[in-house]
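Here the structure comes first, spelled out in structure tokens, and everything after it is commentary.
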Amino acid sequence: MTYLTKPKLHHPKLPTNALGFTRRDYEGAVSTLCAGCGHDSISGAIIQACFELSLPPHRVAKLSGIGCSSKTPTYFLGASHGFNSVHGRMPSVLTGANLANRDLIYLGVSGDGDSASIGLGQFAHCLRRGVNMVYMVENNGVYGLTKGQFSATADKGSKSKKGIGNQDSPIDLVSMALLLGATFVARSFSGDKAQLVPLIKAALLHRGAAFIDCLSPCVAFNNHPDSTKSYDYVRAHNEAVNFLDMIDGRDEITADYAPGSVEQVTQHDGSVLTLRKLAPEYDPTDRLAALAHLQERQAAGEVVTGLLYIDPATEDLHDRMNTVATPLNRLGEAELCPGGAALAKVNAALR
Ligand SMILES: Cc1ncc(C[n+]2csc(CCOP(=O)(O)OP(=O)(O)O)c2C)c(N)n1
Ligand code: SF4
Ligand SMILES: [Mg+2]
């Protein structure tokens, strides 16, 4: 059995959102991951974010590769579109789906092995093309599903459960995403729901490539004292540069913030992101400064989290390719086959 369905019954007084849905309506099947796996907390955060944004589940398309992380779309948004692809190939499948139907909200879920090892090329091209999506990597530094081999994000010197040291330099997906041109780049921790939920909400409202690297400890193979991807290590070295509040464009901003500690960013749809600055000098709209800060703090052994970079005035792949606004499956014969005269004109232009 690969999944267990959840009973549909729930308390009649559960809170509902603007669509009349409860949080339960955004859940999926019962998780079969190890108890305590960080990935389950991320699924919980995705459910919460979609519930709070009142997203119609049928408008979401969740895509993944292969791995424990890539199994998780089964455990959330049971009423959404889903496609579990091949190891490391989620980005190209998502890009194709997005080009065919721009009306859906795309959520790509991947692992550090899926994206930084076998799928590194796919990861890079999807971000540089500005595909309108949320790209979530559930980063545990190991291949969890295949029993704990080091992935390309494991830190140099980090030890495996059996005490073997990793000799290779790690790939930092956040720094890569910044270099590749992603227009929303964040890092978070599965154990910090207060930070992760608003980050996911903001990423879902962002138009363009939104990347979230979410540290997500693997309790079976990489949560021991010598691991830099363990709950204890990440908690002890977590250095948040800001704390995000997601405020819908229609809501009045009433939160009580100290002067100078707040930064507001308005996205294309009118939603306002309110950033409580924890590192006063940190500017999340400066790509180069973000890279420098990450490298500096990383060398000191810190794990920098928060909204690291945002370009609110962004365009996506469809803008760049000047595609038609209508999803391909809604185009009729007249649009898809303009006739012999039009074809002759195109051919003449190419002679
Ligand atoms: C083409 C291919 N190569 C190798 C595998 C074996 N395999 C399955 S999952 C996986 C690694 C998964 O690691 P990660 O993406 O980090 O996910 P996690 O299980 O840690 O969440 C590997 C190597 C495969 N399924 N397909
Ligand atoms: S093996 Fe690791 S990543 Fe996979 S479910 Fe268990 S704890 Fe999670
Ligand atoms: Mg992994």
**OP:** Heavy atoms only, probe 1.4 angstrom, no DNA, RNA or ligands counted: give me Leu104, Leu178 ranked by accessible area, highest first.
**Re:** Leu104, Leu178
**OP:** Send over the semi-axes of region 32-139's equivalent ellipsoid, whole angstrom and largest first, taken as the square roots of 5 times the C-alpha gyration tensor eigenvalues.
**Re:** 20, 19, 11
Original post:
For the chain, what number results from the quotient of the Cα radius of gyration and 2.2 N^0.38 Å?
Top reply: 1.03
Original post:
If you take every DSSP beta bridge whose two residues both sit in the chain, what share of them, in percent to the nearest 5, is antiparallel?
Top reply: 40 percent
Subject >> Cα gyration tensor shape for region 167-245, rounded if a/c is under 1.5, else prolate or oblate >> reply: oblate
Original post:
How much accessible surface does Leu19 have with a 1.4 Å probe, in Å² rounded to 10?
Top reply: 80 Å²
Original post:
If amide H atoms are built 1.01 Å from N in the plane of the peptide, which residues on other chains or at least 5 residues away come under 5 Å of the amide H of Phe76?
Top reply: Gly28, Ala29
**OP:** Return the ratio Rg/(2.2 N^0.38 Å) for region 110-185, where Rg is computed over Cα atoms only.
**Re:** 1.15
**OP:** Quick one: among Gly130, Gly65, Gly339, which has the greatest mean-square fluctuation in a GNM of the chain with alpha-carbon springs under 10 angstrom?
**Re:** Gly339
Subject >> Listed residue pairs exceeding 30 Å between alpha carbons, taken from Lys8/Lys277; Lys62/Lys229; Lys161/Lys277; Lys8/Lys147; Lys156/Lys201 >> reply: Lys8/Lys277; Lys161/Lys277; Lys8/Lys147; Lys156/Lys201
**OP:** Would you mind getting me the FRET efficiency between Ala334 and Thr266? Use the beta-carbon distance for r and R0 = 35 Å, nearest 0.05.
**Re:** 0.35
**OP:** May I ask for the longest run of the chain untouched by GluC sites (Glu not before Pro) that are loop-located per DSSP and have at most 12 neighbouring C-beta atoms (other than their own) within 10 Å?
**Re:** 1-251
**OP:** Among Leu291, Gly332, Ser271, pick out the residue whose Cα is farthest towards the positive end of the charge dipole of region 270-333, where Lys and Arg carry +1 and Asp and Glu carry -1 on C-beta, about the Cα centre.
**Re:** Ser271
**OP:** Could you pull out which residues in region 161-200 have an amide N less than 20 Å from a spot 7 Å beyond the Cα of Gln298, following the Cα-Cβ vector?
**Re:** 166-190
Subject >> Projected label distance in nm at Thr22 and Arg276, using a 7 Å step from Cα toward the beta-carbon >> reply: 3.0 nm
**OP:** Just the number, please: carbon plus sulfur as a percent of the accessible area of the chain, 1.4 Å probe, no ligands or DNA/RNA counted.
**Re:** 55 percent
Original post:
Given the rule -39500 (n - 2.57) for each run of at least 4 DSSP H residues, summed and divided by the residues of the chain, what is its mean residue ellipticity at 222 nm, to the nearest 500 deg cm²/dmol?
Top reply: -8000 deg cm²/dmol
**OP:** Compute the length gained on full extension between Cys34 and His58: take 0.36 nm times their separation in residues and subtract their Cα-Cα distance, giving the result in nm to one decimal.
**Re:** 5.8 nm
**OP:** Determine the dipole magnitude for the chain: charges of +1 sit on the beta-carbon of Lys and Arg, -1 on that of Asp and Glu, nothing else is charged, the reference point is the Cα centre, and the result goes in debye to the nearest 20.
**Re:** 1140 debye
Original post:
Counting other Cβ atoms within 10 Å, which chymotrypsin sites (Phe, Trp or Tyr not before Pro) in region 58-98 have at most 14 and lie in a DSSP loop?
Top reply: none
Original post:
What is the extension gain from Ala325 to Asp168, computed as 0.36 nm multiplied by their sequence separation minus the C-alpha to C-alpha distance, in nm to one decimal?
Top reply: 52.0 nm
Subject >> Accessible surface, per residue, of the chain when the full set of protein chains is kept, probe 1.4 Å, Å² >> reply: 47 Å²
Original post:
Given R₀ = 30 Å, FRET efficiency for Asn101-Ala194 by Cβ-Cβ distance, to 0.05?
Top reply: 0.35
Original post:
Among Leu196, Tyr106, Leu173, whose Cα lies farthest out toward the positive end of the dipole of the chain, if unit charges sit on the beta carbon of Lys, Arg (+1) and Asp, Glu (-1)?
Top reply: Tyr106
Original post:
Considering the chain as a Gaussian network with a 10 Å cut-off on Cα pairs, which listed residue, Gly157, Gly111, Gly340, attains the greatest mean-square fluctuation?
Top reply: Gly340
**OP:** With springs connecting C-alpha atoms under 10 Å apart, model the chain as a Gaussian network and identify which of Val137, Val86, Val174 has the largest mean-square fluctuation.
**Re:** Val86
Original post:
If you find the alpha carbon centre of region 118-179 and of region 281-351, how far apart are they in angstrom?
Top reply: 23 Å
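The values are calculated or read from the model by the stated rules, or taken from the named source; none is laboratory data. Keep in mind that what you see is a predicted model, and the values were worked out from it rather than measured. Every residue, glycine among them, receives a Cβ derived from its backbone with ideal geometry; neighbour counts consider all protein chains shown. For the accessible areas, the whole protein counts, side chains as well, though only heavy atoms, and no ligand, DNA or RNA atoms are used. Shrake-Rupley method; radii C 1.70, N 1.55, O 1.52, S 1.80 Å.
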